[in-house]
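Before anything else, here's the structure in question.
The values are calculated or read from the model by the stated rules, or taken from the named source; none is laboratory data. In this text, all values refer to a predicted model and were calculated from it rather than measured experimentally. For neighbour counting, all protein chains shown are included, and Cβ atoms are generated from backbone atoms with ideal geometry for every residue, glycine included. These area figures cover heavy atoms from the full protein model, side chains too; ligands, DNA and RNA do not enter into them. Shrake-Rupley method; radii C 1.70, N 1.55, O 1.52, S 1.80 Å.
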Amino acid sequence: MTKIQVTNDLMNLFQLQEELDRILFNYVDTSQKWDIAYEELGQLLNELNTYFRNYIQSNNRQLPENEMYWSLFMDNVSRIMYFKIFAYINLQKELSEEQKEKIKHALYDAASCLPDVQGRNYQFLQEIGQTYSHLYDDHSQFEKTYLAKNNRLFDCIKYFHEFCLQKISN
C-alpha cells in the first residue's frame, strides 16, 4: 500500500485516485479478493481521516472552503467508504441484524460525503442506492432522500469532519 503524498498541506489527489483505482481493479473487479480490498480500503480511509484531521488542526480548526480540490477529495472519500463496505458485504456469508445496521450506517456515511448528487455524482448515488435497496428492500427511498437533501460540498466536508472525530473516540 502506497502512502499518499502531501505537499503544501494538500494531499496528491491524482495519486489517491490511482491508488483507489489499483485496489478496485486488482481486488474487486478482476480477482474479487474481498478481504484484501476491505483491508486496503480501510487503510486508505484511515490515511484520509488522519490527513483531514491534521489539515483542520493546522488551519486553526477551520473547515476547508468550497473549491474544486475539496470537491474531488470528498468524491474519493465517498467512493472509498462505499467500496470498503461493499467489500465487507461480499466477505459475509450471512448478515446478522447487527451487521446489517453497521452496513446501513456505512452506506449513509458514503452518501452523506458525496457532493453534487443531482449532477456529476448522480450515477454513483444510484450505485449506493442499489446496494441499499438490495439489502433492505427499500425501493429507491434511500436515493430519493439524498437527492432531496442534495448536500452542498460544505455539508459533506462538515459530515466527514464529524465522521473523523467519531473515529478518534471509537
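Run down 63, 20, 95, 45 and say which single residue is in contact with a Lys or Arg (Cβ under 8 Å, 6 or more places away or on another chain), part of a loop (DSSP other than H, G, I, E, B) and under 25 Å from residue 166 (Cα atoms).
Answer to the check: 63.
If we scan the stretch 103-115, do we find a residue that is in a helix (DSSP H, G or I), over 16 Å from residue 83 (Cα atoms), touching a residue at least 24 places away in the same chain (Cβ under 8 Å) and open to solvent by 40 Å² or more (accessible area, probe 1.4 Å)?
Within the stretch 103-115, none of the residues are in a helix (DSSP H, G or I), over 16 Å from residue 83 (Cα atoms), touching a residue at least 24 places away in the same chain (Cβ under 8 Å) and open to solvent by 40 Å² or more (accessible area, probe 1.4 Å).
May I ask you to list the residues in the stretch 36-54 that are under 14 Å from residue 74 (Cα atoms) and hydroxyl-bearing (Ser, Thr, Tyr)?
Hit for the stretch 36-54 is 51, nothing else.
Now for a separate question. So if I check each of 100, 93, which one is in contact (Cβ under 8 Å) with a residue 12 or more places away in the chain, of a type in the set (D, E, K, R), surrounded by fewer than 19 Cβ atoms within 10 Å (Cβ to Cβ) and closer than 27 Å to residue 43 by Cβ?
100
Using the structure shown, decide if residue 57 is part of a helix (DSSP H, G or I), open to solvent by 70 Å² or more (accessible area, probe 1.4 Å) and under 22 Å from residue 165 (Cα atoms).
So residue 57 passes the test.
If you don't mind, there's one more thing I want to ask. Report the residue count in the stretch 83-108 for those that are over 13 Å from the mean Cα position of the chain (by Cα) and of a type in the set (Ser, Thr, Tyr).
Result for the stretch 83-108: 2.
Go through the residues of the stretch 13-35 one by one and say whether even a single one is within 14 Å of residue 78 (Cα to Cα), in contact with an Asp or Glu (Cβ under 8 Å, 6 or more places away or on another chain) and surrounded by 16 or more Cβ atoms within 10 Å (Cβ to Cβ).
no
Could I ask something else about it? Which of the residues spanning the stretch 64-82 are open to solvent by less than 20 Å² (accessible area, probe 1.4 Å), more than 8 Å from the chain's Cα centre (by Cα) and not polar (S, T, N, Q)?
If the condition is that a residue be open to solvent by less than 20 Å² (accessible area, probe 1.4 Å), more than 8 Å from the chain's Cα centre (by Cα) and not polar (S, T, N, Q), then 64, 70, 73 are the ones that fit.
Assess whether residue 130 counts as being closer than 15 Å to residue 159 by Cα and modelled with pLDDT under 95.
Working: closer than 15 Å to residue 159 by Cα: no; modelled with pLDDT under 95: yes.
It is false that residue 130 is closer than 15 Å to residue 159 by Cα and modelled with pLDDT under 95.
Within the stretch 101-141, track down each residue that is within 22 Å of residue 162 (Cα to Cα) and among the basic types (Lys, Arg).
102, 104
Something else about it: Got a number for residues in the stretch 123-152 being open to solvent by less than 80 Å² (accessible area, probe 1.4 Å), in a helix (DSSP H, G or I) and under 20 Å from residue 83 (Cα atoms)?
Within the stretch 123-152, the subset open to solvent by less than 80 Å² (accessible area, probe 1.4 Å) is 124-129, 131-133, 135-136, 138, 140, 142-143, 145-147, 150-151.
Of the ones still in play, those that are also in a helix (DSSP H, G or I) are 124-129, 131-133, 135-136, 142-143, 145-147.
Now drop any that are not under 20 Å from residue 83 (Cα atoms), which leaves 124-129, 131-133, 135-136, 142-143, 146.
Final tally of qualifying residues: 14.
Looking at (1) in a helix (DSSP H, G or I); (2) surrounded by fewer than 18 Cβ atoms within 10 Å (Cβ to Cβ); (3) not aromatic (Phe, Trp, Tyr), which is the one condition that is false for residue 85?
Failing condition for residue 85: (2).
Here's another thing I want to ask about it. Could you grab the pairs with beta carbons closer than 8 Å, sequence gap of 6+ or different chains, first residue in the stretch 117-144 and under 17 Å from residue 90 (Cα atoms), second one not in a helix (DSSP H, G or I)?
Close Cβ pairs (under 8 Å, with a partner that is not in a helix (DSSP H, G or I)) amount to 128/114; 129/140; 132/138; 133/139; 133/140; 135/95.
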